[in-house]
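The values are calculated or read from the model by the stated rules, or taken from the named source; none is laboratory data. Since this is a predicted model, take the numbers as computed values, not measurements. So basically every Cβ, Gly included, is an ideal-geometry build from the backbone, and we count neighbours across all protein chains shown.
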Amino acid sequence: MRVAALADPDDFEGWRDAARGLAAEGVPPDAVVWQVGDVPVDLFAGAPDETAPTPAATGPGFSVPRAFLDVARIVVQARDPERFALLYAALDRLRREPKLMEDAADPLIKRLDGIAKSVRRDVHKMRAFVRFREVEDGEGSRYVAFFEPDHHIVRGNASFFVNRFASMRWSILTPEVSIHWDGTTLSEGPGAARGDAPEGDPIEEVWKTYYRSIFNPARVKVGAMLREMPRKYWKNMPETALVPELLAGAQARESGMIETARAAEIGDNAGAAWDALREEARGCTRCHLYKPATQTVFGEGPVSATMMFVGEQPGDQEDLAGKPFVGPAGQMFNRALAQAGIDRSEAYVTNSVKHFKFEQRGKRRIHAKPDTGEINACRWWIDQERMLLRPKVTVALGATAARSLFGKTMTIGASRGRAMALPDGGEAWITVHPSYLLRLPDPAAAEVEYGRFVEDLKMAHAALG
Ligand code: URA
């Protein structure tokens, strides 16, 4: 027996390195015991041979499909004690069955998919139901929340909260581990009990508004509601007081739904959540850009879309029409989409910044680039859109979109032409903004760049599989 010791229960890198080395040596799955620290995680495995070390990481000697690594990254966060062994068994089979991941009926793949689904659901719950309470410490306000995840998802989910609440100082306490953000650095501490987080909620109204935006009336059936949102989460949520009100309004809201949602993890029909989100965005005052603009230009497209396009901000015509990409850049975009074989009506198209920023010159309104503060203020909406849509592939059109999605400056030249992992776990492709193509003075260069743009779109589209 070989012992593969991992540092943490969600140690993906540790598992990957050990698995690579074991696979390169041809060690069969039933000859490995996986353990976290000193404790075996799979109690059904045989007894370890203390003298056999975990091999150093090398390549496994064959190429591993990305789909497998994506699933592995999620599955290691599960509480299932067999997760590391199951993943290694799949890795071992991939050597002989390179198409294994495509066989959804295979019992091992089915089991891994089921585990991954359960982890994703838990991730969603954490994102939706964590509630911060405001406390004062020596340095001012700190927001503290307690949460009990079902799986080991806290570290993997930390970047979501860092991005979402970048300017706040906060702590999330869980029984296993606590994470703390001071505005610049994320740190980790020991687990905590519910009583370690403060009671009450001085910022209750904020959460009530947020909760309204994600409430889904399709889940009014109490059974479904309890399944999706077990009572243990309710304890964290002062807004459960809202439930009778929401239930009363649910039918009316449901009948007003304009789209049928795909079965999202939040429930079977997310139409009302979208309606609520759009309605909330209509009144957005998160930054000053709403003042001179005509209206919020929210994203557009079927809520079942698997592809999301993110632009910079509405232009003059979009501001007047209330729709994204309908002006000159939009026409260029439409042409390129058609050439890339992408049906715009099947995609979700939105912008990083939802209000038109401009300088008034006489009668003309000249586009002005949004600054980092404006982009960050508007990331709230992109996050909400992404949480509801959960697109398979996201295309960032230009530097502002890339900055908004990744939370940092991205160089288009160095990033285009390949899939990139987003902080929220999604897959993104970065390309130029269609306006850039319109601004190129040399027609020959513009034609070349346009061709590259179409190629980028094709590659992103092909990633849908
Ligand atoms: N440019 C964008 O980025 N978005 C639009 O909606 C229009 C122009």
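Tell me, yes or no, whether the stretch 277-286 has at least one residue that is more than 24 Å from Ala419 (Cα to Cα), small (Gly, Ala, Ser) and within 16 Å of the ligand (Cβ to nearest atom). Yes, the stretch 277-286 contains at least one residue that is more than 24 Å from Ala419 (Cα to Cα), small (Gly, Ala, Ser) and within 16 Å of the ligand (Cβ to nearest atom).
Does Ala305 meet the test of being surrounded by fewer than 16 Cβ atoms within 10 Å (Cβ to Cβ) and either of a type in the set (Gly, Ala, Ser) or within 18 Å of the chain's Cα centre (by Cα) (or both)? It is false that Ala305 is surrounded by fewer than 16 Cβ atoms within 10 Å (Cβ to Cβ) and either of a type in the set (Gly, Ala, Ser) or within 18 Å of the chain's Cα centre (by Cα) (or both).
Of the strands (runs of 3 or more DSSP E) that lie entirely inside the stretch 114-208, those containing 2 or more residues that are closer than 24 Å to Phe12 by Cα and at pLDDT 85 or above span 170-173, 177-181, 186-190.
When the test is whether a residue is within 13 Å of the ligand (Cβ to nearest atom), touching a residue at least 24 places away in the same chain (Cβ under 8 Å) and basic (Lys, Arg), Lys357 passes it. When Ala340, Ala399 are checked against the criterion of being farther than 16 Å from Ala305 by Cβ, among the small types (Gly, Ala, Ser), modelled with pLDDT of 95 or more and touching a helix residue (DSSP H, G or I) at 6+ places or on another chain (Cβ under 9 Å), a single residue qualifies: Ala399.
Would you confirm whether or not the stretch 411-423 contains a residue that is in contact (Cβ under 8 Å) with a residue 40 or more places away in the chain and within 16 Å of the ligand (Cβ to nearest atom)? For the stretch 411-423, residues in contact (Cβ under 8 Å) with a residue 40 or more places away in the chain and within 16 Å of the ligand (Cβ to nearest atom): absent.
Within the option set Ala444, Ala377, Ala402, being assigned to a helix (DSSP H, G or I), surrounded by fewer than 19 Cβ atoms within 10 Å (Cβ to Cβ) and among the hydrophobic types (A, V, I, L, M, F, W, C) holds for one residue only, Ala444. Would you confirm whether any residue within the stretch 428-437 is away from the ligand (no atom under 16 Å from the Cβ), assigned to a helix (DSSP H, G or I) and closer than 16 Å to Ala329 by Cα? No: zero hits. So for the stretch 304-314 (the condition being at pLDDT below 95 and either within 12 Å of the ligand (Cβ to nearest atom) or in a loop (DSSP other than H, G, I, E, B) (or both)), does at least one residue qualify? Checking the stretch 304-314: at least one residue is at pLDDT below 95 and either within 12 Å of the ligand (Cβ to nearest atom) or in a loop (DSSP other than H, G, I, E, B) (or both).
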